Amino acid sequence: MVRNIFKGLGIALITPFKEDYSVDYESLLRLVEYQLDNGADFLCILATTGETPTLSAEERLKIKDMVVDKVRGRVPILMGCGGYNTAAVVEELKTGDFRGVNGILSICPYYNKPSQEGLYQHFKAISAATKLPIVMYNVPGRTGVNMQAATTVRLARDCENIVAIKEASGNLEQVDEIIKNKPRDFDVISGDDALTFPMVSCGAVGVISVIGNALPKEFSKMIRLQMRGEYDPARKIHHRFTDLFSLLFVDGNPAGVKAMLSEMGFIQNVLRLPLVPMQIKNRQRMSEILKELKI
């Protein structure tokens, strides 16, 4: 049985850009080192938060290679590989360069809204195309379709290398149903920073986090406290960041966390179209909250 190694604090890694919109590789590597030094348990690269649809094939490969070289095996690396054309995803898995990558994060097909059977057959085909562990990604707010708990559990039972799901439906009843019925070696990972505390309390094994780009030390401490059963101090950390959670996504992702990282001096506040930087009023409010938190 393939086991899930993606537990604790995972970072949904951003892609920093320079003022001319080229990739800022130097800042990227500095950010990776900062996260590894401050509690990150694994990295999730080239996924939604990384603005991957705006990257060229050459940029994606260079980012992958540079992060793999920088990490040097210190933590597992999960890499995005998904889409709404099953055949194209299968072909990428068979022919792409996944050296140094420990697993694949694959989003539910978006735009064309497949049925539950279509979702099942999609992930089953992906599972058969690679020996790498697969973490499915359910985020109906972006894809337009929700993978129901029964479908998730069915895939977990039928496909040995499907090891976890990044669950971002926002539905705690669905999360609880998956955790109640899943096989022992299949895990649920939070895909929503704001719901990480209740999800881990229900049995999730960690989070793939956006806010962790900027605040890995604080967020990893919350998760570690929960894993040890110390819920009161963990809850205090969760409540500390409630206002930040809502601001992070008010202008889209990763506009919020890029504004935060810019405030902290890590990157320039640049996104590629169709995404644009955070509105000034929201950025000012974020700056006020960071000062209040003494970050």
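Projected onto its three principal axes, the C-alpha set of the stretch 150-261 covers 42, 32, 23 Å, listed from the longest axis down. Mean projected area of the convex hull spanned by the Cα atoms of the stretch 13-169, taken over all viewing directions: 9.4 nm². Within 10 Å of each candidate Cβ there may be at most 16 other Cβ atoms; applying that plus a DSSP loop requirement, which GluC sites (Glu not before Pro) in the stretch 216-294 survive? Answer in residue order: E230. Of the chymotrypsin sites (Phe, Trp or Tyr not before Pro) found in the stretch 76-183, the ones in coil according to DSSP and having at most 13 other Cβ atoms within 10 Å of their Cβ are Y111.
A straight Cα-to-Cα reach below 19 Å connects K281 with the aspartates and glutamates D243, D251, E263, E292, residues fewer than 8 places away in its own chain not being considered.
Sorting the segments 163-174, 86-97, 39-50 by their residues' average number of neighbouring beta-carbon atoms within 10 angstrom, most packed first, yields 39-50, 163-174, 86-97.
Normalised per residue, the accessible area of the stretch 58-173 is 45 Å², obtained with a 1.4 Å probe and no contribution from ligands, DNA or RNA.
Rg and Dmax of the stretch 65-145, based on Cα coordinates, read 13.5, 40 Å.
Extension gain, I5 to R99, is 32.1 nm, computed as 0.36 nm per intervening residue step minus the present C-alpha separation. The percentage of C-alpha pairs in the chain whose separation is greater than 31 Å is 23%.
In plain terms, the C-alpha convex hull of the stretch 100-218 casts an average shadow of 7.7 nm² when viewed from every direction.
Counting only residues at least eight positions apart within a chain, or on another chain, the lysines with an alpha carbon under 21 Å from that of K124 are K94, K113, K166, K182.
The values are calculated or read from the model by the stated rules, or taken from the named source; none is laboratory data. This structure is a prediction, so every number in the text was calculated from the model and none was measured. We place every Cβ from the backbone using ideal geometry, glycine too, and count neighbours over all the protein chains shown. In case anyone asks, the SASA skips ligands and DNA or RNA and just uses the protein heavy atoms, side chains included. Shrake-Rupley method; radii C 1.70, N 1.55, O 1.52, S 1.80 Å.
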